[in-house]
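Visitor: This is the structure, below, for whatever I ask next.
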Amino acid sequence: MEVPRPGKGEVLVEIKAAAICGSDIKIYKWDSFAQSIIHSLPFIPGHECAGEVVEVGEGVKSIRLGDKVASETHIPCGQCWQCTHGRPHTCENMKLFGHNINGCFAEYAVIPEVSTRKIPSSLTFEEGCMLEPMGIPYRAVEKGKVEKEAVVVVGCGPIGQFAIGFSHVMGAGQIIAVDVNEERLKIAEAMGAHYLLNPEKEKVKERIKELTQDWGKGPGVVIEASGNVSALREALDYLRVGGKLLILGQSTNPLEVRVSPDIVFKEAEIYGFFGREIWDTWEKTEKLLVEGKMKVDPVITHRFSLEDYEIAFEKAAKGEGGKIVFLP
């Protein structure tokens, strides 16, 4: 494909680092999700990236040639009720970079100015491409008010790994990581988890209740990042009375909830998260990276050239390691 040219309100970015997301794996496999969002081929996926601006389109005001930038996946319209009431990340007419329009798994990508973020010069390009996936777990941990709390993170893929890291940074008293992948549990430990539980080797619910006896007989915060409905169902059982269940994992499978014992009698607070609050979340995660309080090195486990994309996607599909990054 030819190097694209930026149109009105767009910038051309030379991509320096781009990471594989779970949705990219679905696109690569060309499953029903991919076919529902991509309506014409050829198409370039990828939405977690950072690079340098090499051309600026007509009307662009906030981004300049040579700026170090990262991409926000959500492209808001700026006109709908959600956008005009402080929620552009849930825009009613939203487009998605790398889903509905060509993305960043290429040497160059055109990004709308509204979704282009100038990032601090002190951040590396690899750190820059992590800002997008870091945003959702940051929001969950912030909402959970985890300081001096018992926190359980279910699912230790990159999103769960970042949730553990932010919980550690924000002063959680006890962090329990749950996953069937031992390699990912090791990364969870490096990010700050105190206890590592593998459902294939022990009874998770019983073990969590045992570990949290002194925390009100259950964790005060559970962050569900696996997308596994059975794990989500179990989390409702061991969540402490008055606790928060923060849902990041996505699934189309139905969840059966017993309203009275699970929610009403527990006074449980249940939240779902979709995307980053633009640009508030970005400012907060950038600050933690710049100050050295948050680390991404344990999460980035593999780096590949674009030419080796088949190997990279094979590893990503098998759930090997943490984040896999392309370095064009």
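Please treat every number below as a calculation from the coordinates, not as lab data. Note that the coordinates shown come from a computational prediction; the quantities given were computed from them, not determined experimentally. A quick note on method: Cβ atoms are made from the backbone with ideal geometry, for glycine too, and the neighbour counts reach across all protein chains shown.
Visitor: Excluding E182 itself, calculate the net charge of residues whose Cβ lies under 14 Å from the Cβ of E182, where each Lys or Arg counts +1 and each Asp or Glu counts -1. Present the calculation step by step, with values, prior to reporting the outcome.
Guide: Details: positive: R184, K186, K201, K318; negative: D179, E183, E189, E200, E202, E320.
With Lys, Arg at +1 and Asp, Glu at -1, the neighbours total -2.
Visitor: Which order do the peptides 97-103, 293-299 take when ranked by the mean count of other beta-carbon atoms within 10 Å per residue, highest first?
Guide: 97-103, 293-299
Visitor: Using the per-residue mean of other Cβ atoms lying within 10 Å as a proxy for protection, in what order, highest first, do the peptides 318-328, 129-139, 169-179, 151-161 fall? Write out the running numbers ahead of the final one.
Guide: On the way: 318-328: 19.5, 129-139: 26.3, 169-179: 22.2, 151-161: 28.8.
Highest mean packing first, the order is 151-161, 129-139, 169-179, 318-328.
Visitor: How much of the pair distance distribution for the range 141-299 lies past 21 Å, counting alpha-carbon pairs only, in percent?
Guide: That tail contains 42 percent of the Cα-Cα pairs.
Visitor: Sketch the reach of a paramagnetic label on T90 as a point 7 Å from Cα along Cα-to-Cβ, and name the residues of the range 247-263 whose backbone nitrogen lies under 15 Å away.
Guide: Counting backbone N atoms under 15 Å from the label point, the list is 247-248.
Visitor: Helix-only estimate, please: 222 nm mean residue ellipticity of the chain, summing -39500 (n - 2.57) across DSSP H runs of length 4 or more and dividing by its residues, to the nearest 500.
Guide: The helix contribution divided over the chain gives -8500 deg cm²/dmol.
Visitor: Kindly state, as a whole number, the per residue volume in cubic angstrom of the convex hull around the alpha carbon atoms of the range 1-132. Mind showing how you got there, number by number?
Guide: Working: hull volume 14.6 nm³, N = 132.
Once divided by residue count, the hull of the range 1-132 is 111 Å³.
Visitor: When the C-alpha atoms of the range 5-55 are aligned to their principal axes, what extent does each axis show, in angstrom, from largest down?
Guide: Projected onto its principal axes, the Cα set of the range 5-55 covers 35, 23, 15 Å.
Visitor: Take the Cα coordinates of the chain, assign each an equal point scatterer, and use the Debye formula without solvent to give log10 I(q)/I(0) at q = 0.12 Å⁻¹.
Guide: Debye output, listed in q order: -0.83.
Visitor: Please report, in debye to the nearest 20, how large the charge dipole of the chain is about its Cα centre when each Lys and Arg carries +1 at its beta carbon and each Asp and Glu carries -1 there.
Guide: So the dipole magnitude of the chain works out to roughly 740 debye.
Visitor: Would you kindly compute the Cα radius of gyration of the range 118-222 and its largest Cα-Cα separation (Dmax), both in Å?
Guide: Expressed in Å, the Cα Rg and Dmax of the range 118-222 come to 14.3, 47.
Visitor: Over the range 133-272, what is the percentage of antiparallel beta bridges among all DSSP beta bridges, to the nearest 5?
Guide: Counting only bridges with both partners in the range 133-272, antiparallel ones make up about 5 percent.
Visitor: May I pose another question? Select from the range 1-104 those trypsin sites (Lys or Arg not before Pro) which occupy a DSSP coil region and have at most 14 other Cβ atoms within 10 Å, ordered by residue number.
Guide: Numbers: sites: K8, K16, K26, K29, K61, R64, K68, K95; in loops: K8, K61, R64.
Within the range 1-104, the qualifying trypsin sites (Lys or Arg not before Pro) (loop, at most 14 other Cβ atoms within 10 Å) are K8, K61, R64.
Visitor: Let me ask something else about it. When DSSP beta bridges are limited to those with both residues in the chain, what percentage is antiparallel, rounded to the nearest 5?
Guide: On the way: 24 of 49 bridges.
Taking every DSSP beta bridge within the chain, about 50 percent pair in antiparallel fashion.
Visitor: Please report the orientation-averaged projected area of the range 69-124, defined via the convex hull of its C-alpha atoms, in nm².
Guide: 4.5 nm²
Visitor: If neighbour count is taken as other Cβ atoms inside 10 Å, put E189, E314 in order from fewest to most. Spell out each step's value before the answer.
Guide: Details: E189 17, E314 12.
Sorted ascending by nearby Cβ count, the order is E314, E189.
Visitor: Counting other Cβ atoms within 10 Å, keep those with at most 15, restrict to DSSP loop, and tell me which trypsin sites (Lys or Arg not before Pro) in the range 223-286 are left. Write out the running numbers ahead of the final one.
Guide: Numbers: sites: R233, R240, K244, R258, K266, R276, K284; in loops: R240, R258, K266, R276.
Qualifying residues, ordered by number: R258.
Visitor: Distance in nm between label sites at L255 and E267, each 7 Å beyond Cα in the beta-carbon direction?
Guide: The two pseudo-label positions are separated by 2.1 nm.
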